[in-house]
1. Given the conditions (1) over 30 Å from L320 (Cα atoms); (2) touching a strand residue (DSSP E or B) at 6+ places or on another chain (Cβ under 8 Å); (3) part of a loop (DSSP other than H, G, I, E, B), report the number of the one that V70 does not fulfil.
2. Scan region 231-249 residue by residue and report those that are of a type in the set (S, T, N, Q) and either free of Cβ contacts under 8 Å to residues at least 40 places away in the same chain or surrounded by fewer than 24 Cβ atoms within 10 Å (Cβ to Cβ) (or both).
3. What helices (runs of 4 or more DSSP H), lying completely within region 188-249, carry at least 2 residues that are within 19 Å of the chain's Cα centre (by Cα) and farther than 29 Å from G96 by Cα?
4. Just to be sure before I move on: is I39 surrounded by fewer than 20 Cβ atoms within 10 Å (Cβ to Cβ) and either farther than 24 Å from I268 by Cβ or touching a residue at least 40 places away in the same chain (Cβ under 8 Å) (or both) in the structure I sent?
5. With the checklist (1) crowded, with 18+ Cβ neighbours inside 10 Å; (2) in the same structural domain as R288 (by TED's automatic domain parsing); (3) in contact with an Asp or Glu (Cβ under 6 Å, 6 or more places away or on another chain) in hand, flag the one item K371 doesn't pass.
6. Under the condition of being farther than 17 Å from T234 by Cα, out of contact with any Gly (no Cβ under 9 Å at 6 or more places or on another chain) and aliphatic (A, V, I, L, M), which residue from region 271-306 is surrounded by the fewest Cβ atoms within 10 Å (Cβ to Cβ)?
7. Is it fair to say F429 is outside any helix (DSSP H, G or I) and either in the same structural domain as F292 (by TED's automatic domain parsing) or within 17 Å of the chain's Cα centre (by Cα) (or both)?
8. So, in region 399-426, exactly how many residues are crowded, with 17+ Cβ neighbours inside 10 Å and either assigned to a helix (DSSP H, G or I) or without any contact (Cβ under 8 Å) to a residue 24 or more places away in the chain (or both)?
Amino acid sequence: MNQQNTSKGYLEFTVNIGDTLAPIDGATVEIFSKNGTKIETLSTDMNGKTETISLPAPKKELASDPNATVRPYALYDAIITKPGYMPQKVEVQILGDSKAVPETGLKENSHRFNQGMEVVRVGDHALFSGQNTSNNTENPYNIAAPLDIRSFYKPLADQSPYFLTTIQGIVIPEFVRVNMVTGPEDTVGTSIDVRFPEYIKTVLAGEIYGNWEPEAIKANVVAAVSYTLNRIYTKWYLLEGQGDFDVYNNTKDHCYKCKTGVTLQESINNIVDEFFTEYIGYPQDQFRYMPFLSQYCSGRETRCAASNKMEQWGSQELALSGMKYTDILKKYYGSNTEVQNASFFTVDDRMHFSDRELRPGESSQKIKTIKHQLNIIRTKYPGIPQLEETEIFDDNLLNAVHIFQREVEHIPVTDVIDKKTLYRITRKFISISKLVYTDRNNAYKSNKYYKVILYNGTSFCMSNIAYNPNVSISGFTYPNNIFVNILVCNIYSIVQI
């Protein structure tokens, strides 16, 4: 790399157990250049994170030049090892003045013999290779005449018809169903459910550069969110007879892991966490809360501005000129383009107000739930203090939230529980609680008491106390009583008392 054209980029790895969000403490992460020279040896802490290091990378300005003939990023290899786990080799892209935050999971090695090394290849970014050209040529205004606006409220309608007339805007669903196909023209694949914000983060990490201007990243986030919501709520592929999924993983929609992987960027992640509830509404008044099919293209191999579609390279050029993301969207999609904010987002089958922040001194059942979630998370992240599960947002909760933000998630520390923090707490809780449930049979066999909290989808059911199997305690015998309740209630959590 030419010394005159060299800047610095940054790298922080997160290493978890398999596909969970449970951290691996003490994993070794060795960083190598592409010629095989070892540059750095890192170790993960109790939160599964390495320290942040700087690495040589091309200057940031190169990533704003659509005609660049050299990569605007540097490629490195990371080899991750931990006794008892299958080793992994991960390729990473390092952009100048940007922080790469790859998150990977090591599979537990249950065999004595060597199972080999899992390899995650990233390769060239789509903006450089020209592989993110959209094939979408649909007319975004081709809205079916009898389309009922109420269909956009389905997640709310399932829970309470009352919301249909009192809430404006839509609900961000918990998952996107992605049809994973092999080639760009394939239509038959395996459908998987991906959490909505994680889908947007992964898509954009492969479509734009993390060291672009924040306003350009925001414009691309809102466009990707709006497009995806349109696919979800119109049930486009289901009505076309192609299958019960929302989007393809290729350029029929967005490239979601078209290759083996992408390198997540902190800048994109943070903006998605803040803007994943914003979308473009249709300009017609009667459809203004419907997500617009906001198509876009790279703006290099394919030009689409003349068709009122956003060009990604152009969005960066406009942001560099000082234009705000809302004006960038109007530039491409029309002067009457309006950005809407969804009323709710959904996590763990629960709706949360998208613009509601929880503040110290407040009292609510939601605060009690968050304390419970943090108590479950601390079983794998012991740096979080144990909390008394009351409904008051007290100093102990504020301290726990600060630790979660600063040490567990590495996001900005705030004195409120905002949308970003609430989403990350709930996402982490869902993954960690699954591990707690998996271990519940072992818990019952111990000489300790456990509170089993049951939930029927609407309210919490009776809490029971479990002990050794088939031993009666205060009139309760495991497993008889608990499984009578599970017929109508699901296990919500298991807490040692």
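The values are calculated or read from the model by the stated rules, or taken from the named source; none is laboratory data. Just so you know, these numbers come straight off a predicted model, no measurement behind them. Backbone-built Cβ (ideal geometry, glycine too); neighbour counts: all protein chains shown.
1. If we test V70 against (1) over 30 Å from L320 (Cα atoms); (2) touching a strand residue (DSSP E or B) at 6+ places or on another chain (Cβ under 8 Å); (3) part of a loop (DSSP other than H, G, I, E, B), just (1) comes out false.
2. T234, Q242
3. Numbers: elements: 196-207, 214-234, 236-239.
Here the list reads 214-234.
4. yes
5. K371 satisfies all of (1) crowded, with 18+ Cβ neighbours inside 10 Å; (2) in the same structural domain as R288 (by TED's automatic domain parsing); (3) in contact with an Asp or Glu (Cβ under 6 Å, 6 or more places away or on another chain) except (2).
6. Applying the filter and picking the extreme gives A306.
7. Details: outside any helix (DSSP H, G or I): no; either in the same structural domain as F292 (by TED's automatic domain parsing) or within 17 Å of the chain's Cα centre (by Cα) (or both): yes.
When the stated conditions are applied, F429 does not pass them.
8. Of the residues in that region, 15 qualify.
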